[in-house]
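A.B. asks: Right, I'll just put the structure down here and ask away after.
The values are calculated or read from the model by the stated rules, or taken from the named source; none is laboratory data. In this text, all values refer to a predicted model and were calculated from it rather than measured experimentally. Cβ placement follows ideal geometry from the backbone for every residue including glycine, while neighbour counts extend to all protein chains displayed. When the accessible area is computed, the model is the full protein with side chains, heavy atoms only, and any ligands, DNA or RNA have been set aside. Shrake-Rupley method; radii C 1.70, N 1.55, O 1.52, S 1.80 Å.
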Amino acid sequence: MTQPQDDPQDGPRATGDETAEPGHAPPAAGPTDWSASGFSTRAIHAGSEPDPQTGAVVPSVHVATTFAQDGVGGLRAGYEYSRSANPTRDALQECLAALEGGRAGFAFASGLAAEDALLRAVLVPGDHVVIPDDAYGGTFRLISKVLARWGVEHTAVDLSDPSAVAAATTDRTRLVWCETPTNPLLGIADVSALARVAHGAGALLAVDSTFATPYLQQALSLGADVVVHSTTKYCGGHSDVVGGALVVGDAVAPGGEPLAELLAFHQNAMGAVAGPFDAWLVLRGLKTLAVRMERHCDSAERVAAHLEAHPAVREVLYPGLPGHPGHDVAARQMRRFGGMVSVRLADEAAALELCSSTRVFTLAESLGGVESLVEHPARMTHASAAGSPLEVPADLVRLSVGLEEVEDLLADLDQALEGAAPA
Ligand SMILES: *Cc1c(COP(=O)(O)O)cnc(C)c1O
């Protein structure tokens with residue numbers, strides 16, 4: 001696989017003593033190229049070559065903050081200080097790049113830290129961003145409350161309509177921010193169409209693929225310039241680590257510099273890197289991503305179909321349903337439709353009642369873990385969007401369908417909706 005970073009100051013080196021394909025001797029000159037392998041093979045092996053000294057089959061958690069030098073500047077394996085580069089973080093970054101088909105991956109302390117690094121690497125005061133009118137509330141807060149203070153302007157539009165995006169661009173638009181499927185309304189944007197619009201306007205296209213994961217959607221190959229993940233969600237997958245990631249291909253930033261180099265510089269200069277233990281947990285999560293996503297998708301499809309037939313449910317928002325407005329686009333650009341299902345009930349009271357009546361679904365923010373979660377976006381995850389173009393309906397409930405027995409999940413929703421008035 002390609003090297004995770006190219007910055008000669010900070011990037012890891014191919015040391016020459018990393019082994020080639022497991023079981024093959026003698027060691028090759030660098031890590032194995034897994035790019036022609038299938039998704040799960042890459043998930044399990046990219047970045048996780050057996051340790052050349054001990055044979056350990058998984059990367060260690062390298063907690064060292066600093067690395068001994070053989071004479072000033074004589075780095076043994078390219079490492080000098082763990083903010084700049086750390087072997088465990090490199091293992092994760094290599095895996096992320098391999099899974100998205102990118103040139104370089106960058107792991108951060110959270111999804112929002114990744115977004116902040118991208119936005120401030122690419123944008124300068126006076127620049128303009130087009131953002132979705134349905135997106136993760138924290139993304140909107142970052143752009144409208146923090147970046148705005150640095151003179152970056154934004155326009156919120158319906159990203160399922162590429163002509164609306166084109167109409168919103170100005171001569172200062174440097175970035176189109178896309179999220180698909182969206183959080184929490186499960187809207188779908190056509191990534192290829194948006195790439196044409198963004199590139200036609202001289203802007204980059206960023207795609208937040210958190211709901212889709214690299215398993216269900218390959219945004220770079222659809223034309224995106226950078227993929228964003230909250231690895232807190234499906235990539236980590238066990239609700240035990242907060243993290244974020246950026247993955248890029250060969251895109252060039254507005255200033256003419258390769259985006260990979262610009263992000264490598266900003267990751268180190270801004271410093272919100274993933275710690276070694278966090279990086280290790282996300283890497284461990286990625287190895288089972290494909291099997292987990294298949295099960296999440298199986299169960300979400302069952303939940304969506306079941307709730308669609310329930311009299312207390314007014315509308316089920318799930319891109320896998322043939323009646324969903326983004327179904328055809330989703331079927332084209334995603335392998336399957338994901339593990340998130342949102343529903344609209346009769347009113348806010350019914351939504352709050354559902355949220356507090358489940359027993360298997362836990363009432364909590366976040367998503368993408370093995371355990372099923374239920375939440376009320378208007379009062380919880382998206383409270384910061386109140387009064388903005390991103391405000392979400394109060395009758396909305398968001399479900400993160402976990403890996404429990406699906407029959408238990410369906411029975412839990414039935415008992416929670418028992419007695420609810422027809423919508
Ligand atoms: C959770 C989330 C984020 C933010 O990630 P954190 O890891 O919480 O900082 C960004 N985008 C989407 C779609 C999310 O669900």
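A.B. asks: So how exposed is Trp150, as accessible area in Å² (1.4 Å probe, rounded to 10)?
C.D. replies: Here the residue's solvent-accessible area equals roughly 150 Å².
A.B. asks: Based on the Cα coordinates of region 215-262, what is the per residue volume of their convex hull in Å³?
C.D. replies: Looking at region 215-262, the number lands at 75 Å³ per residue.
A.B. asks: Of the chain, which part is the longest with no trypsin sites (Lys or Arg not before Pro) in a loop (DSSP not H, G, I, E, B) and with at most 12 other C-beta atoms within 10 angstrom?
C.D. replies: The segment 77-358 is the longest one with no such site.
A.B. asks: If you count only protein heavy atoms and use a 1.4 Å probe, how large is the accessible surface of Glu115, to the nearest 10 Å²?
C.D. replies: Surface accessible to solvent at Glu115 totals approximately 10 Å².
A.B. asks: Per DSSP H run of at least 4 residues, take -39500 (n - 2.57); add these up for the chain, divide by its residues and hand me the 222 nm value, nearest 500 deg cm²/dmol.
C.D. replies: Counting only the DSSP helices, I get -9000 deg cm²/dmol.
A.B. asks: Please compute the Kirkwood hydrodynamic radius of region 291-417 from all pairs of different C-alpha atoms, in Å with one decimal.
C.D. replies: For region 291-417, inverting the mean 1/r across all distinct Cα pairs yields 14.7 Å.
A.B. asks: Shifting gears a bit: Can you tell me the orientation of helix 191-200 relative to the chain, as the angle in degrees between its alpha-carbon axis and the longest Cα principal axis, to the nearest 10?
C.D. replies: With rounding to tens, the tilt is 70 degrees.
A.B. asks: Over the chain, one equal point on each Cα, no solvent: what is log10 I(q)/I(0) by the Debye formula at q = 0.06, 0.11, 0.12 Å⁻¹?
C.D. replies: -0.25, -0.81, -0.95
A.B. asks: Sticking with this one: For the chain, with a Gaussian network of springs between Cα atoms less than 10 Å apart, report the residue from Asp90, Asp116, Asp347 with the top mean-square fluctuation.
C.D. replies: Looking only at Asp90, Asp116, Asp347, the largest GNM fluctuation is found for Asp347.
A.B. asks: Using a Gaussian network model on the chain with a 10 Å cutoff between Cα atoms, which of Ala91, Ala148, Ala198 fluctuates the most?
C.D. replies: Ala148
A.B. asks: Heavy atoms only, probe 1.4 Å: what % of the accessible area of the chain goes to carbon and sulfur, would you let me know?
C.D. replies: C and S fraction of accessible area: 53 percent.
A.B. asks: How big is the accessible area of Asp328 in square angstrom, nearest 10, if you roll a 1.4 angstrom probe over the protein chains?
C.D. replies: Rounded to the nearest 10, the figure is 110 Å².
A.B. asks: Over all directions, how big on average is the projection of the convex hull of the alpha-carbon atoms in region 142-290, in square nanometres?
C.D. replies: Directional mean of the projected Cα hull area for region 142-290 stands at 9.4 nm².
A.B. asks: Solvent-accessible area per residue for the chain at a 1.4 Å probe radius, Å²?
C.D. replies: 39
A.B. asks: Given the options Glu294, Glu407, Glu80, state which has the largest fluctuation in a GNM of the chain using a 10 Å cut-off (strictly under) for Cα springs.
C.D. replies: Top of the fluctuation ranking is Glu407.
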